[in-house]
Structure formats: C-alpha cells, structure tokens
Amino acid sequence: MKTSVVSKDYQKLHKEIIGLQENWKKSLNDQAVEIKLDKAAMSAGVPVAALAVFNFDIPLFLQWIEEIKGLLVNNNDRMEEKLAFLANVMDESTAQRWIDEALAFNHIYFQGFAEEHEVEEWIPHFLAETALRPYLQLAAEKAQPEIHTAVHGAGCPVCGEPARVAQLEEGKKELYCPRCLVHWNDKRLTCSHCGNDDHETMRVMTVEGDAASQIQVCEKCHGYIKIVDTKQFINKPSASMLDLNTLHLDFVAQENGYHTGGSGKLDN
Ligand SMILES: [Zn+2]
Ligand SMILES: [Zn+2]
C-alpha cells in the first residue's frame, strides 16, 4: 500500500485542529490541572489523569466547542446543518457532562447522546474529546519529569490511551502519546501493549515508499504500534502530527488484523 491512501483534506483539517489545541493549551493557566503523583498507583497502572484535579473553565470549554464548529463548517459547509443541534443542547451542564464522560472514555454515553439528538454518531464524542485534550496535555506536561516507563496493558501512563506511536531515538524506542503528548521508554523488541518479549512472536512490517517507518506487531495480543525513525527530521514533529502523518500505517496494520490496544485476548 502506498502512502497516498490518506486524503490531503483530512490531513489538512486535522492539522488545523492540532493547531487550535496548541493555542488552547497555551491559554490555560497553571491551576487548570493539579496532579498528584502517587507512585504506588502509577506502578499499578493507574493513569495520572485519573487522580488529577481538573478545574475546567466551562465558558472557555463552550467557546472552544464553537471554535471547532467554525473550523469544521469552514472545511465543509454541510457541517453547518450537522452541527446545528449544538445551539439547542450546549449549555454549562452539558459541557460539564461531556468533559466527565470524555475523561471516562464513555463511548456508550456519547452514542446515546448522538441517538437522542439525531446527529452522526462520531460528532458529540469528537467535539468533547477535542476540547478536553489541552487539559490532558497540561496534566502530561506537569507529570512528564516523573514519567519514564509505563505499565504494559495499562496504556498511556498519563491519560490511559492505548500506545500507538513511537520514535526511534539512537536505537531506543520512545513512545509518544498522541492524545496527551507525554512520552516514555520501552524496550525496543517488547510489545508495548502486553509486554511480550518473545522474539518469535514479535514482528515488524514495513510499507512501500516509507523507509523511515515500521509497524511493530505482536502475535500474542494482536496489537501494533507505529515506530518512526525521526533522525531524518530537522524539526521533530509533535506526537499528534507524527500520528497524523503516519495514518497510512494504521490502515496497513488494521487491514492485517492488528489493533491499537491489542485484542485484549491473549493467544496463550
Ligand atoms: Zn496520553
Ligand atoms: Zn502484545
């Protein structure tokens, strides 16, 4: 499969969304997130965000939702109609609920919300998640000095998102969370989902036309991560840009039956 499989329009829109989030994150004050670094909880795989106190500025959150809406409509005028429901439903209590449910990865809530308001299923969760991320990113920035490794099976040590993308830095595998942007080390040949380090069941797939990237797959949990050798880059891309620029690898991995979080079922 060639690298051209991901549409340029999709990439452009998501690049703009990442730009918005970077600005939002800068506008947050330091007290917006208070983290507690509980070593015992961290070593048990509890994500830092689960124990953090988020002081959400609800009017600001509502403003961000409006800004995302503006961007989506600008990109595709059919979105105007699809997002019209926001005028009727968005208020402070809905915003608070969206934040809580997005933090809790509650897909069921967002599915129900979409059904109830007759909107496309992806929309409510996407909006909530997009506006939540700057807070997670602030939590990650504060926690970063204490984050060196992650507990296999628990996802990102800050936000709990399954591991997805890593950079090869001087031969070492450094995982980057595209959601909260925290980074941590893992052993080069170990599965970053289940911790499998049996070389017989760990494989690497490469993609035509992309010599800098590879997909590391695990035959035990059927998980994959994308590994990019970034030494060719003069300016290293942010984790979210790296994830976006390597979407073609996700297509290849998923077409071959691998998943970002592993299947959850161990083969043996
Ligand atoms: Zn994360
Ligand atoms: Zn695995």
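A short reminder: the numbers here are calculations on the coordinates, not readings from a lab. In this text, all values refer to a predicted model and were calculated from it rather than measured experimentally. Every residue, glycine among them, receives a Cβ derived from its backbone with ideal geometry; neighbour counts consider all protein chains shown.
Rounded, prolate or oblate for region 104-172? Axes are the square roots of the Cα gyration tensor eigenvalues, ordered a ≥ b ≥ c, and the cut-off for rounded is a/c under 1.5.
Judged from the Cα gyration tensor, region 104-172 comes out prolate (a/c at least 1.5, a/b above b/c).
Extension gain, V46-N235: 0.36 nm per intervening residue step, less the Cα-Cα distance, totals 64.8 nm. Here the 3J(HN,Hα) profile of region 152-162, calculated from phi with Karplus coefficients 6.51, -1.76 and 1.60 at θ = phi - 60°, is 4, x, 9, x, 4, x, 9, 10, x, 4, x Hz, Gly and Pro shown as x. For the pair D38 and R97 in one chain, pulling the backbone fully straight at 0.36 nm per residue adds 18.6 nm over the alpha carbon distance.
Looking at the chain only, what percent of DSSP beta bridges run antiparallel? Nearest 5 please.
80 percent
Rounded to the nearest whole angstrom, the semi-axes of the ellipsoid equivalent to region 165-255, taken from the Cα gyration tensor as √(5λ), stand at 20, 15, 13, largest first. The protection proxy used here, the mean number of other Cβ atoms lying within 10 Å of each residue, ranks peptides 180-188, 28-36 as follows, highest first: 180-188, 28-36.
Multiplying the sequence separation of D197 and K172 by 0.36 nm and subtracting their Cα-Cα distance, what value in nm do you get?
Value of the extension gain: 7.5 nm.
Expressed as an acute angle from 0 to 90° and rounded to the nearest 10, what is the orientation of the C-alpha long axis of helix 122-143 relative to the principal long axis of the chain? Rounded to the nearest ten degrees, it is 60. Each principal axis of the Cα cloud of the chain was evaluated for its coordinate range; sorted largest first, these ranges are 56, 44, 41 Å. For the chain, what does the relative contact order come out to in percent, with C-alpha contacts under 8 Å and a separation of six or more? After rounding, I find 18 percent.
Annotation: for a label point projected 7 angstrom from Cα along Cα→Cβ of A211, residues of region 224-246 with backbone N closer than 20 Å are 227-237, 246. When you filter the GluC sites (Glu not before Pro) in region 172-268 for DSSP loop state and at most 12 other Cβ atoms inside 10 Å of their Cβ, you are left with E200, E208.
Remark: spin-label model distance N55-N75 equals 3.3 nm, labels positioned 7 Å along the Cα→Cβ axis. In this simple spin-label approximation, E66 and K187 carry label points 7 Å from Cα along the Cα→Cβ vector, and these lie 5.3 nm apart.
Dimensions of region 3-146 along the principal axes, based on C-alpha atoms and rounded to the nearest Å, stand at 48, 38, 28, largest first.
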